[in-house]
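Okay, structure first, notes after.
Nothing in this text is a laboratory measurement; each read-out follows from the coordinates by a stated rule. Fair warning: this is a prediction, and the values are worked out from it, not measured in the lab. We place every Cβ from the backbone using ideal geometry, glycine too, and count neighbours over all the protein chains shown.
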Amino acid sequence: MPGARSRHARDLGDHPRSGGIEKQVRLALPNVTDPIVTARTETLSTANADRYRSTVTATVDRLAHRLAAVDRPTTDTTARELRTRVDGIDLDAEPIGTDRALAELDDLFVREAVWFHDPGYLAHLNCPVALPAVAAEAVLAAVNPSVDTWDQSRIGTEMERHVVEWLARRVGFAAGDGIFTSGGSQSNLQALLLAREAAATAGAIPRPTVFATAETHFSIAKSARLLGLDTVVDVPTDATGRMRPAALAEAVVAARAAGRTPVAVVATAGTTDRGVIDPLEAIADVCDLEGVWLHVDAAYGCGLLVSPTRRHLLDGIERARSVTADLHKSFFQPVSSSVLLVGDPADLRRTAWYADYLNPEDAAEPNQVDKSLQTTRRFDALKLWATLRASGADAIGRSFDTVIDLAAATHALVEEHPDLVLVAPTQLSTVLFRWQPAGVTDDEADALVAPIRAALLAEGRVLIAKTVIDGRPCNKLTLLNPETTIDQLRASLDHVVATAVRVRATTTAPEGATR
């Protein structure tokens with residue numbers, strides 16, 4: 001192959017095997033026992049089950065060693081150094097063999113990974129993952145099923161359908177259905193597609209319109225553009241960022257008067273920044289009155305479906321036509337694991353597409369591709385199956401309750417801290433705050449939000465996020481680790497404050513910085 005030889009393969013000779021058909025290269029990387037490089041890709045098969053065992057065991061051993069040594073969410077390696085290391089690998093160089101490649105992967109990627117299970121990781125909607133689900137992910141990688149048609153994964157199809165039916169019942173759908181997707185963005189896209197098709201059953205839909213809020217996830221506006229929907233109307237919210245049902249009713253009436261066709265209302269059960277839940281019952285009343293599809297984006301708040309103490313916060317979700325649930329958020333599942341659920345199975349059939357070679361319309365088997373935007377599709381339901389069988393739904397719900405309780409305690413810490421300002425309340429597990437001690441102006445505090453986050457990220461000890469609330473920037477914590485303690489949160493906040501002091505001492509706020 002063209003290209004310079006990698007540093008791992010330099011000065012190595014080629015050694016012909018018998019018959020001269022394949023070549024092998026023996027390398028000298030420490031702790032690697034099988035340096036054989038063959039001319040064909042090494043694939044998993046019955047014949048090399050022992051090789052599979054030794055390869056995966058060595059990989060897991062290295063990973064467990066890394067995991068046991070984690071003491072911060074990531075390293076302080078600079079972005080330039082990371083890029084240099086990656087650019088230094090010539091993918092056209094002489095191959096180095098499976099064992100060496102995996103050892104290199106450990107050194108290049110795992111060493112520099114961002115660990116969501118570390119208590120210092122407080123940035124985004126990333127969760128530590130359930131151990132049974134991690135093991136199930138290993139099963140998926142080895143078996144490599146695709147649950148698009150029955151004949152490709154007969155038992156997998158049945159298991160996914162069983163999990164979907166269970167989730168639908170948790171929502172409150174008596175006879176619902178659904179499909180696993182790659183994430184909340186895809187689930188939302190498919191929901192709006194179904195809503196558009198439902199609105200079009202009577203013919204053309206002039207100026208199709210979706211109703212959401214400024215707090216709604218960006219995937220809704222993006223999906224509307226992809227689907228050719230005319231407008232996304234931002235319905236006014238109350239002081240906490242929740243959709244106002246009365247304003248929604250007025251917006252729908254006004255849209256119809258302007259010649260628009262209301263296609264869908266998107267209510268959010270757990271907004272990304274504020275972590276609040278739109279009033280689902282009252283919104284459902286408006287949708288029922290106006291005959292508009294109600295989609296509930298519960299990507300974040302879906303953990304409440306199994307909460308022993310807070311399930312009531314989702315009252316009204318059962319009245320939706322469709323629901324998004326991101327299990328790789330508040331169900332503690334590895335990415336990817338999301339699902340779109342519908343109350344009426346017929347709604348999923350609105351976009352079915354049939355191919356004679358794959359899923360003919362007259363097929364007797366239950367082909368999941370009939371419901372999905374994807375063809376080849378992972379059997380992600382297996383991970384939730386393993387988690388439910390191992391620890392049960394209540395355990396997942398208690399874990400989500402724990403992070404919500406932790407957020408409430410952290411809000412109290414912020415309110416008590418003389419140098420921090422709590423920006424907004426939450427119903428879930430976000431903490432919006434700003435470093436602004438006495439004597440620091442609004443403009444200066446706003447200008448420091450991004451540098452504080454950047455300084456923390458460069459250091460790697462505590463990772464936080466930033467956003468904009470009511471026109472002003474602020475920092476943000478998203479708590480999704482049930483093992484994190486309030487003492488650890490207190491220490492993290494103290495570190496944020498110390499970093500802010502240091503950043504302010506070395507940073508001059510730009511002239512004319514605006515709020």
Report summary line: For H312 and R85, extending 7 Å from Cα along the Cα-Cβ vector and measuring point to point gives, in nm, a value of 5.1
Query raised in the report: Expressed in nm to one decimal, what extension gain is obtained for the pair H117 and S146 from 0.36 nm per residue of sequence separation less their Cα-Cα distance?
Result: 7.5 nm
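Please list, by residue number, every one of the GluC sites (Glu not before Pro) in the range 329-423 that is coil in DSSP and has at most 11 other beta-carbon atoms within 10 Å.
E361
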Requested in this report: Specify the inter-centroid distance of the range 345-380 and the range 45-92, based on alpha-carbon positions, in whole Å.
Outcome: 37
**Report entry** Rounded if a/c under 1.5, otherwise prolate or oblate - the range 291-361, Cα gyration tensor axes
**Finding:** oblate
**Report entry** Whole-number Å³ per residue for the convex hull built on Cα positions in the chain
**Finding:** 199
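Per the helix-only calculation at 222 nm, which mean residue ellipticity applies to the chain, given -39500 (n - 2.57) for every DSSP H run of n ≥ 4 and division by its residues, nearest 500 deg cm²/dmol? Walk me through the intermediate numbers first.
Numbers: 15 runs with 203 residues, N = 515.
It lands at -12500 deg cm²/dmol.
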Requested in this report: Taking 7 Å along the Cα-to-C-beta vector as the label spot, tell me the E158-V468 distance in nanometres, rounded to one decimal.
Outcome: 5.4
Query - Estimated inter-spin distance, S391 and A101, nm [label 7 Å along Cα→Cβ] - result: 3.4
Query raised in the report: If amide H atoms are built 1.01 Å from N in the plane of the peptide, which residues on other chains or at least 5 residues away come under 5 Å of the amide H of V233?
Result: V210, F211, A212
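In percent, how large is the relative contact order of the range 381-515, given Cα pairs closer than 8 Å and 6 or more residues apart? Provide the component values of the computation, followed by the final result.
Values: 161 pairs, mean separation 33.7, N = 135.
Reported as a whole number, the value is 25 percent.
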Report summary line: Classified through the alpha carbon gyration tensor (a ≥ b ≥ c as square roots of its eigenvalues; rounded if a/c is under 1.5, else prolate when a/b is larger than b/c, else oblate), the range 362-515 comes out prolate
Report task. Output ³J(HN,Hα) for the range 493-501: one whole-Hz value per residue in order, computed from phi by the Karplus curve 6.51 cos²θ - 1.76 cosθ + 1.60 with θ = phi - 60°, and x for Gly and Pro. Result -> 5, 4, 5, 4, 4, 4, 5, 4, 4
Query raised in the report: For the chain, what relative contact order do you get, as a whole percent, if you take Cα pairs closer than 8 Å and at least 6 residues apart?
Result: 17
Report summary line: Non-local residues with an amide H under 5 Å from the amide H of A424, with H modelled 1.01 Å from N and Pro and chain starts lacking one, are L432
Requested in this report: Of the listed pairs K383/K476; K329/K466; K329/K383, which have alpha-carbon separations greater than 23 Å here?
Outcome: K383/K476
Query - Karplus 3J(HN,Hα) series, Hz, for the range 166-178 with 6.51 cos²θ - 1.76 cosθ + 1.60 (x for Gly, Pro) - result: 5, 4, 4, 5, 5, 5, x, 7, 5, 9, x, 8, x
Report summary line: Here the residues of the range 281-308 lying in the modelled label zone of R169, meaning backbone nitrogen under 20 Å from a point 7 Å along Cα-to-Cβ, are 302-308
